[in-house]
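The values are calculated or read from the model by the stated rules, or taken from the named source; none is laboratory data. Every value quoted in this text rests on a predicted model; they were computed, and no experiment measured them. Cβ atoms come from the backbone with ideal geometry, glycine included; neighbour counts cover every protein chain shown. Accessible surface areas use protein heavy atoms only, side chains included; no ligands, DNA or RNA. Shrake-Rupley method; radii C 1.70, N 1.55, O 1.52, S 1.80 Å.
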2 protein chains.
Amino acid sequence: LIEAAVAHAQYYKNELLVEPMKRYITLIHNKFGPSEGQLKGYPGHPEIELALLRFYAATQHQESYDLAKYFLTERGNPKGQDGKHYYDYEAELRNEPPWQRPDCYPENRSYWYNQAHAPIQEQSTIEGHSVRAMYLLTAVADLVVLSDSGVAELSSSEKNMWLQTLKRLWANMVDKKMYITGGIGAIKQWEGFGLDYFLPQGTDEGGCYSETCASIGVMMLAERMLLIDLDSSYADILELCLYNNVMTSMSLDGKKFTYDNQLASSDKTKSERNEWFWCACCPPNVTRLFGSLGGYLWHHTVEKDQVFINVHLYTNAELTFKVGDDTTVHLKQTTTWPASGSVSFELDVSRGSLSVTTRLRLPAWSKGHYNLEPPAAGLRNTKGYLELTPEYLAQNPKFKLSVGEFEPRFIAPHPYTNQNTLALALGPLVYCAEDVDNPWETNHFKDVVLRSSPEQVAQSQIRDDATGHEYVQLQADCWQRDASGHINFEEEARILKLVPYYYRANRGGKGQMRVGMVKGGGTESGHVNVFPETLASA
Amino acid sequence: LIEAAVAHAQYYKNELLVEPMKRYITLIHNKFGPSEGQLKGYPGHPEIELALLRFYAATQHQESYDLAKYFLTERGNPKGQDGKHYYDYEAELRNEPPWQRPDCYPENRSYWYNQAHAPIQEQSTIEGHSVRAMYLLTAVADLVVLSDSGVAELSSSEKNMWLQTLKRLWANMVDKKMYITGGIGAIKQWEGFGLDYFLPQGTDEGGCYSETCASIGVMMLAERMLLIDLDSSYADILELCLYNNVMTSMSLDGKKFTYDNQLASSDKTKSERNEWFWCACCPPNVTRLFGSLGGYLWHHTVEKDQVFINVHLYTNAELTFKVGDDTTVHLKQTTTWPASGSVSFELDVSRGSLSVTTRLRLPAWSKGHYNLEPPAAGLRNTKGYLELTPEYLAQNPKFKLSVGEFEPRFIAPHPYTNQNTLALALGPLVYCAEDVDNPWETNHFKDVVLRSSPEQVAQSQIRDDATGHEYVQLQADCWQRDASGHINFEEEARILKLVPYYYRANRGGKGQMRVGMVKGGGTESGHVNVFPETLASA
């Protein structure tokens, strides 16, 4: 409802929903707040916070901002209500015995499920239900974004504290609790994070929930982080989630979905999609994401006569915005991405005196390599963004970026995951093997071995006649591990055919699929990028 | 109490406790049983069943046998009481909402915690609380043992069904849910079994409870299995548990204990012992085990003028029993086991016409190799038991067995555990590394790499002056893994010193310890025994 009111305020200049919403928010804030007589509570599922901040940004309704900030500050206070944790206070009101609890709480008082085990600023690791965690941190990031953009001030110490919290929890998530597909949330019971480095590939190994909505939440958070700190590592994760854990959640024909997205199938949990879910949050969330995808592609800022356009994602798209009443800026990108790394740009500015800077993201896997036509000398690459100056753009309104290293590459999870696996990727796409392409496989590729020799990987352009879909298939040499763990590399290699992970479960088969194969040998890791890939590792 | 009554009946021929106990058991059976008006219940913690069967064996009190068998047969019946599972029936009586449950139930109706999710005979995998599971199956095995020994008959189909159940659940446990130290129960929350092959080494990896009592339960079950089927694989597991997961639970000075026994420490869970526990089941259980150890060493049977002595464990011990009123059989074994594989035997039979057969266990790691002095031609090795005939023993009442392959060896868990580790063992002892011997280590040996080259492993006899304890230390070449998983074998190897696992946490240090090190390379598995070791793999 708040989002609808925001839309009304922003796009329709329509007060029909805005005024009642203000009154409703005031009503909520009368109930919850810091003063005597107000409850010291906050939602079990963080979500309203980011909506309140969006509503504030659209309407400047101060109580919306105050209420959001109150929820974010009060959350996890161990003595918030009558000297007790608010959830304890509520449980006592309900006369609950300690052994009564929701199914998602593995133990009594598992308040980390709701990110309420400690005040947000004191949390050192990302915990609990993944979607809740992402929506919560997105609201925290919005506080900082609103401050940076001058809409709602924070003291510098408070801003710094929220920013450190965001960076600490983001780093813990990406470095230690994220799958190479951008999935988060290893544990089904609480649809959320497990221990550091606990990232089993499938349910038969005890995990891999990787909910679609959670990766959409990662994208929401990454989009805010890019506003706060233009670092391509945020955009890399944003793109990783989009093309892999999120895009795999819908079938090519748009009729079937997944909720959780494991990296390996098993007899009990095959690789397949469903038409509907009892709790169907993911399909409409995908729809919402695709409907707002334009907001993730690029950001632009206008500072007097200076315009900055930061391009995060490459696809076929056009950006048009006005500077003042009389100037229009138009940027168009044309590409076959993610099938290739070439992107053509066309910039059109209706007033010559406007100074336009365009920053183009270089993904970590490009290792900072690129080609630009026409060429430019002395280009700056700052945190993975290549900066095209107003001078270059004035001379070259048409230019073409070719992102480097657009070749099959090997990715391994961190050694502490105990996975000992190798996966293949091409550009932003992570690959998987399916039995439909490898009908000899009967054990979910559990014993299929890859070695990290790039020269052993071939690629073919495929057009599937049934679906009309075009994609790049990879072919890699593979071997077989026996029950004692022995791999006989003297045996002739077999060809393993791999397809993009998003493409899985679209063409029938037995539902056998795997992303990470057994890593053969242990000494040739020079060719392997450990997840998360970073520019520094180049 | 029942056990005390058994002792009274067996050893003191004292009816003081026996008669009241019979009346008490009758009272329980009046309450629980198959007839109308009786409750269709059974205990949440299986334990009374094996006590009832021991009581029956000592007293022939029929109701004890009937009640035990009723509990074992009724358990897990989905429609036992008023068309409902008995636990559901009880929960309804208590007016419990479905989200009210004990802390050990991760989800509602986790009746697998109590091995009550299905009738025992229909259970395909071993599940739930490990101690409960072992005590339960020990009672099941006792049913078969009592039938085999003619004390209480079972129909052959019923006996076969129980036997298949025992073998199926034993195999699942040993092959897929047991640590190389004989520990079972990977999951702390329910002190019990996880998924097949889910065997993380420490709490920082999400598991490894390995309760002391659970391994004592394995020993109890293995002892019964050896009565049912003389196969050295049962005795191998019995010995593995004794010398590793059980013996490590008490400090050398007998004053400190462990409850759970992880294979690797972490900053949060160091390798250490405690003086007391809130629920102190393990220390007295160890005491009870050590007090009854004689019953685990050997079994003897008398069939008319034929005597069979099956020797399962080697240590310094003497066995004396009477055959009839006038004949005494005495077998003495002398050895430094587990420090060496040589065992001297002395058989003394007071009547020459008695035919004595002795069967000596060959552990799987001996690969069936042994030396016998004086030698004997054409000895039969049946399922890992070397059979010394009456003829040989009559000529050689003194003989000496030297078990082969008593050399350091490498053990790896099954590849599906995703552990990718190598451990060292010597005879029945599994080894670990501690920081007290390797003070250069600061990360719990998490990145220490071993390669399976037996020629790189040296051994030294050590006598610890502080404790007076003597043991064999192993020294192996080791390397270091970096954060990308890379191992540089070109670097000079460092020496890793290892001690028996039972010996850990006796000499101070920082509490850093690990059993399974990173397995360097993947191709040299010819030297590695995959757990569980079997004679067939020789």
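Would you point out which residue out of A:E49, A:E158 is of a type in the set (D, E, K, R) and buried (at least 22 other Cβ atoms within 10 Å of the Cβ)?
A:E49
Regarding B:I2, is this residue at pLDDT below 95, of a type in the set (V, I, T) and within 24 Å of the chain's Cα centre (by Cα)?
Spelling it out, B:I2 is indeed at pLDDT below 95, of a type in the set (V, I, T) and within 24 Å of the chain's Cα centre (by Cα).
Please state which one of B:D204, B:D253, B:D267 is part of a helix (DSSP H, G or I) and among the charged types (D, E, K, R).
When all the criteria are applied, what remains is B:D204.
If A:D148 passes every condition in (1) closer than 28 Å to A:S210 by Cβ; (2) open to solvent by 10 Å² or more (accessible area, probe 1.4 Å); (3) touching a residue at least 24 places away in the same chain (Cβ under 8 Å) but one, which one does it miss?
With respect to (1) closer than 28 Å to A:S210 by Cβ; (2) open to solvent by 10 Å² or more (accessible area, probe 1.4 Å); (3) touching a residue at least 24 places away in the same chain (Cβ under 8 Å), A:D148 is out only on (1).
Filter segment B:163-181 down to residues that are more than 14 Å from every other protein chain (Cβ to nearest Cβ) and touching a strand residue (DSSP E or B) at 6+ places or on another chain (Cβ under 8 Å) and give me whichever is nearest to B:C241 (Cα to Cα).
B:T181
Which one of these does A:Y24 not meet: (1) within 30 Å of B:W190 (Cβ to Cβ); (2) more than 14 Å from every other protein chain (Cβ to nearest Cβ); (3) among the aromatic types (F, W, Y); (4) open to solvent by 60 Å² or more (accessible area, probe 1.4 Å)?
Failing condition for A:Y24: (1).
Provide a single number: the residues in segment A:342-354 that are open to solvent by 10 Å² or more (accessible area, probe 1.4 Å) and either modelled with pLDDT of 95 or more or β-branched (V, I, T) (or both).
6
Of all the residues that make up segment A:40-77, how many are modelled with pLDDT under 95 and among the β-branched types (V, I, T)?
Of the residues in that region, 1 qualify.
Collect the residues in segment B:187-206 that are within 19 Å of B:C282 (Cα to Cα) and in contact with a strand residue (DSSP E or B) (Cβ under 8 Å, 6 or more places away or on another chain), keeping them in residue-number order.
B:K188, B:W190, B:E191, B:G192, B:F193
Hey, any hits in segment B:475-483 for a residue that's closer than 23 Å to B:S265 by Cα and assigned to a loop (DSSP other than H, G, I, E, B)?
Yes, segment B:475-483 contains a residue that is closer than 23 Å to B:S265 by Cα and assigned to a loop (DSSP other than H, G, I, E, B).
Would you pick out the residues in segment B:69-103 that are part of a loop (DSSP other than H, G, I, E, B) and within 14 Å of chain A (Cβ to nearest Cβ)?
B:R94, B:N95, B:E96, B:P97, B:P98, B:W99, B:R101, B:P102, B:D103
Does A:H8 satisfy the condition of being part of a loop (DSSP other than H, G, I, E, B), away from chain B (no Cβ under 14 Å) and closer than 27 Å to A:N285 by Cα?
Taking the combined requirement at face value, the residue does not satisfy it.
Going by what's in this entry, would B:T269 be described as surrounded by fewer than 23 Cβ atoms within 10 Å (Cβ to Cβ), over 26 Å from B:L293 (Cβ atoms), of a type outside the set (A, V, I, L, M) and within 14 Å of chain A (Cβ to nearest Cβ)?
Yes; evaluated as a whole, the condition is true for this residue.
If A:E455 passes every condition in (1) away from chain B (no Cβ under 14 Å); (2) in contact with a His (Cβ under 7 Å, 6 or more places away or on another chain) but one, which one does it miss?
(2)
Which residue is nearest to the other protein chains (Cβ to nearest Cβ), if the candidates are limited to segment A:458-482 and must be open to solvent by less than 50 Å² (accessible area, probe 1.4 Å) and among the acidic types (D, E)?
Only one residue tops the list, namely A:D477.
Only residues that are within 16 Å of B:F308 (Cβ to Cβ) and not in a loop (DSSP other than H, G, I, E, B): list them for segment B:334-363, please.
Passing the criteria: B:F345, B:L347, B:V349, B:S355, B:V356, B:T357, B:T358, B:R359, B:L360, B:R361.
Name the pairs: first residue in segment B:195-209 and facing chain A (nearest Cβ under 8 Å) and closer than 12 Å to B:K177 by Cα, second residue of a type in the set (S, T, N, Q) and in a helix (DSSP H, G or I), Cβ to Cβ under 9 Å, at least 6 apart or on different chains?
Correct list of pairs: B:L195/A:T203; B:D196/B:N172; B:Y197/B:T417; B:F198/B:T417; B:P200/B:T417.
Name, by its number, the condition in (1) touching a residue at least 12 places away in the same chain (Cβ under 8 Å); (2) of a type in the set (A, V, I, L, M); (3) open to solvent by 70 Å² or more (accessible area, probe 1.4 Å) that does not hold for B:A377.
Unmet condition: (1).
Could you look through segment B:508-530, keep only residues that are at pLDDT 95 or above and assigned to a loop (DSSP other than H, G, I, E, B), and pick out the one that is nearest to the other protein chains (Cβ to nearest Cβ)?
B:G516
For B:G485, are the conditions met, namely being within 14 Å of another protein chain (Cβ to nearest Cβ), without any contact (Cβ under 8 Å) to a residue 60 or more places away in the chain and open to solvent by less than 40 Å² (accessible area, probe 1.4 Å)?
Yes; evaluated as a whole, the condition is true for this residue.
Go through (1) in contact with a strand residue (DSSP E or B) (Cβ under 9 Å, 6 or more places away or on another chain); (2) open to solvent by 60 Å² or more (accessible area, probe 1.4 Å); (3) under 18 Å from A:L143 (Cβ atoms) for A:P34 and report which single condition fails.
(1)
Which one is modelled with the lowest pLDDT, of the residues in segment A:484-507 that are part of a strand (DSSP E or B) and within 30 Å of B:V530 (Cβ to Cβ)?
Step by step, filter segment A:484-507, then rank; the result is A:I487.
Is there a residue being more than 14 Å from chain B (Cβ to nearest Cβ), surrounded by fewer than 19 Cβ atoms within 10 Å (Cβ to Cβ), in a loop (DSSP other than H, G, I, E, B) and touching a strand residue (DSSP E or B) at 6+ places or on another chain (Cβ under 8 Å) anywhere in segment A:416-436?
No.
For residues that are more than 26 Å from B:L227 (Cβ to Cβ), of a type outside the set (A, V, I, L, M), assigned to a loop (DSSP other than H, G, I, E, B) and out of contact with any Phe, Trp or Tyr (no Cβ under 9 Å at 6 or more places or on another chain), tally how many sit in segment B:368-395.
Matching residues across segment B:368-395 total 3.
Does A:Y135 fit the bill of being of a type in the set (F, W, Y), closer than 17 Å to A:E49 by Cβ and touching a residue at least 60 places away in the same chain (Cβ under 8 Å)?
Judged against the criteria, A:Y135 is a match.
Is it fair to say B:A57 is open to solvent by 20 Å² or more (accessible area, probe 1.4 Å), more than 14 Å from chain A (Cβ to nearest Cβ) and in contact (Cβ under 8 Å) with a residue 24 or more places away in the chain?
yes
Kindly indicate the residue of segment B:104-124 that is open to solvent by 40 Å² or more (accessible area, probe 1.4 Å) and of a type outside the set (D, E, K, R) and also farthest from the other protein chains (Cβ to nearest Cβ) among those meeting that condition.
My answer is B:Q121.
A:D305 passes all but one of (1) more than 30 Å from A:G185 (Cβ to Cβ); (2) at pLDDT 95 or above; (3) open to solvent by 70 Å² or more (accessible area, probe 1.4 Å); (4) of a type outside the set (V, I, T); which number fails?
Condition not satisfied by A:D305: (2).
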